[in-house]
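These notes concern the structure reproduced below.
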Amino acid sequence: MATIRVREPLKKLAGGESDHPVEGATVAELLRGFEGEYAQLSGWILDERGHIRRHINVFVNGEPGDEDTAVGPDDRVDILPAISGG
Amino acid sequence: MTELFVATKKGLFVYDGEPGAQFKQTARAFAGEPVEYALRDPRSGRVLASVTSPFHGPKVWYTDDPAGEWQQAEGVALPEGGDAALERLWVLALGEGDETVYAGGDPGVLLESRDGGLTWGLNHALWEHQRQEAWQPGGGGLCLHSICPWPGDADRLTVAVSAAGVWHTEDGGETWHRGDQGIVPGYMPEEDREAATNLCVHHMERAPLRPERLFMQFHGGVYRSDDAGESWTNIGDGLPADFGFPLMVDPADPDSAYVIPLTADIDRVTPDGRVRVYETRDAGASWTPRGEGLPQEEAYLTVLRQSFCRAGSRDPLELYFGATSGDVFGSGDAGASWFTVATRLPTVYAVAAS
C-alpha cells in the first residue's frame, strides 16, 4: 500500500497520525479512500466533483502529482497546502 | 449585555459589552481563516460559524463556547459526483422551526439544518432552478446572501441571490418562484431591463411586524415591497447615493430601514469621506443621515452586505456595523449616536449580535 502523509490540520482529523497506508492505483483513488476512512476529513482534500482542491498540492515521492498520477505500493504521497493566500 | 460576533478575513472575534461602554474581546477563533459569518442561536445557546479555508473549502462549525473547542457540522456540501462544488457560505440565518437554521452560499446555494446546525442538507428545488437557468454570478460570486423567514409560518421563506434576484417559497422549500417585478437593473441596456433576471440584489430584510413588507439594497437603488416581495418600488430618492451593500430594519417599526450608502459601483467607499448611516421612519419617503460619533473626515470605508446588524429586538434599538478597514461601530439609541467597538481588525466580512 502507498502511504499518504499529512500535516495539521489534516493530521488531527486523521486520528493524530501523519502517515496512513491506503489502497489505490492513482492519487484520486488514494485520496477517496483516505477521506472515506475518516468522516471528519470528507471534503477537506477533494471537492464534490472529485477534484483536488485548488490550493492543495500533492507530491508523489517528491514529484508534483494530480488526480490521475499512478501510485505504486511503495510510494509516498504528501498532501501539502499550496503557496497562496493573502 | 450584548455579545458581538465579528467575522473577518483572518478569524472570528467575539466581544461582550454595553452600548457606550468599552467592549471586551472574549474570544478569537479560526485564527488566520476567512470566517464568513457567525451567530449565537438563542434557542439552543449554540454558536455557529461558517468558515471558508482557502485550502480545505467551506465548512460550518459549532460550539457552546466560542473560546473553546469547535465541532465540524456534517453535510455541508453539494451532491458528490456533479460538476459543481460549494465555494463559500455567505450567511447563516435562524428559521421558524424550533431548530431550523439556514445557510446561504456560492454557487446560489441554500442549505438547511433541522437540528440546530449539526447536520445540513441542500434545498434541491432551488438548486434545480440554479442549474436549469444558468444563474449569473455577481462580482463576489454567485452568492445567496439574504434569508428572510416569515414570522410564525415555517413554510414561507424569501431569499435573495446576487445576481439572480428574489425567490419565494410558500411550501417549505418544495417549490420556488421569482419576485422581481419593478426592480430596474441600470447595468443592463434599457431594452433588456424589464426582462432581465440577472438581478444583483445586495441585501434584503423583512419587517417582522408587517411581514409582507421587505426592504432591499440593490446594485443601484433601494427598494421596498408591500406585497411579500412580489413587486418592488424604488425608495432611494433622498440618499446621497443609490449604491451600497447592507441594510437593516428596526423590528419594532415596519416603516423603518437603515442603509449605509457608498459613492457608486465604481467607487465603493463612503461618500465625501464621511461615514453616515441613513435612516427612514416613513418607509422610504424620506431619509435622515445619522453620523454623530462616526468618522466625518477623510474616512473612505467600505461596509459589506453582512456587516450591519441589530441586537435582537431590544428597545432602544442597538445597531452595529463593521468595515473592511477593520473598524466596528455601534449605536445604543437606534442610530442617533455611535461609538467605536473595535479598530484595527482584519477586513470585516460580517457582524452579528445577540
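None of the figures in this text is laboratory data; all of them are computed from the coordinates on show. Quick caveat, the model's predicted, so the values are computed rather than measured. Because the Cβ atoms are built from the backbone with ideal geometry, glycine has one as well, and the counts that use them run over all protein chains shown.
Here are some notes:
- Net charge dipole, the protein assembly as shown: roughly 1180 debye, given to the nearest 20, about the Cα centre with Cβ charges of +1 for Lys and Arg and -1 for Asp and Glu.
- Relative intensity, log₁₀ I(q)/I(0), of the range B:189-310 from a Debye sum that treats every alpha carbon as a point, q = 0.13, 0.19, 0.23 Å⁻¹: -0.49, -1.01, -1.38
- Anchor A:K12: lysines whose Cα lies under 23 Å away (excluding residues fewer than 8 positions away in-chain): B:K10, B:K59
- P(r) histogram, all alpha-carbon pairs of chain B included - 10 Å bins from 0, percent: 6, 27, 37, 25, 5, 0
- Averaged over the residues of A:36-42, the number of partner chain Cβ atoms lying within 10 Å of the residue Cβ comes to 2.
- Relative contact order of the range B:202-354, taken over Cα pairs closer than 8 Å and 6 or more residues apart, is 16 percent.
- When both bridge partners sit in the protein assembly as shown, DSSP labels roughly 95% of those beta bridges antiparallel.
- In a DSSP loop and with at most 11 other Cβ atoms within 10 Å, the GluC sites (Glu not before Pro) in the range B:254-354 are B:E297, B:E298.
- Average beta carbon contacts from partner chains per residue of B:82-88, 10 Å cutoff: 3
- The range B:101-221: Rg to Rh, with Rh as the Kirkwood radius over Cα pairs: 0.96
- Neighbour-limited loop hits for GluC sites (Glu not before Pro), the range B:108-181 (at most 12 other Cβ within 10 Å; DSSP other than H, G, I, E, B): B:E174
- Here the calculated FRET efficiency for A:H51 and B:D226, from their Cβ-Cβ distance with R0 = 51 Å, stands at 0.65, rounded to the nearest 0.05.
- Options B:Y349, B:G121, B:V109, ranked by Cα towards positive dipole end of chain B, top entry (Cβ charges): B:Y349
- Between the residues B:Q72, B:Y258, B:L199, the greatest Cα displacement towards the positive end of the dipole of chain B, with unit charges on the Cβ of Lys, Arg, Asp and Glu, is found for B:Q72.
- Looking at the range A:1-80, the GluC sites (Glu not before Pro) that sit in a DSSP loop and have at most 13 other Cβ atoms within 10 Å of their own Cβ are A:E17, A:E23.
- Test item: A:47-57 mean partner chain Cβ contacts at 10 Å: 5
- For the range B:264-317, the calculated P(r), taken from all Cα-Cα distances in 10 Å bins from zero up to the bin holding the longest distance, is 20, 44, 33, 4 percent.
- Overall, chain B carries a charge dipole of about 1000 debye about its Cα centre when +1 sits on the Cβ of Lys and Arg and -1 on the Cβ of Asp and Glu, all other atoms neutral.
- Spatially, the range B:127-176 and the range A:11-86 are offset by 35 Å when compared through their Cα centroids.
- With contacts taken as Cα pairs under 8 Å at a separation of at least 6 residues, the range B:4-73 carries a relative contact order of 23 percent.
- Relative contact order computed over chain B (Cα-Cα under 8 Å; 6+ residues apart), in percent: 12
- Taking the square roots of 5 times each eigenvalue of the Cα gyration tensor of the range B:1-153, largest first, gives ellipsoid semi-axes of 27, 18, 14 Å.
- In the protein assembly as shown, the ratio of gyration radius to Kirkwood radius, Rg to Rh, stands at 0.99 when only Cα atoms are counted.
- Only Lys, Arg (+1) and Asp, Glu (-1) charged, at Cβ; chain A dipole about Cα centre in debye: 380
- Rg/Rh (Cα only; Kirkwood hydrodynamic radius) as it applies to the range A:5-86: 0.92
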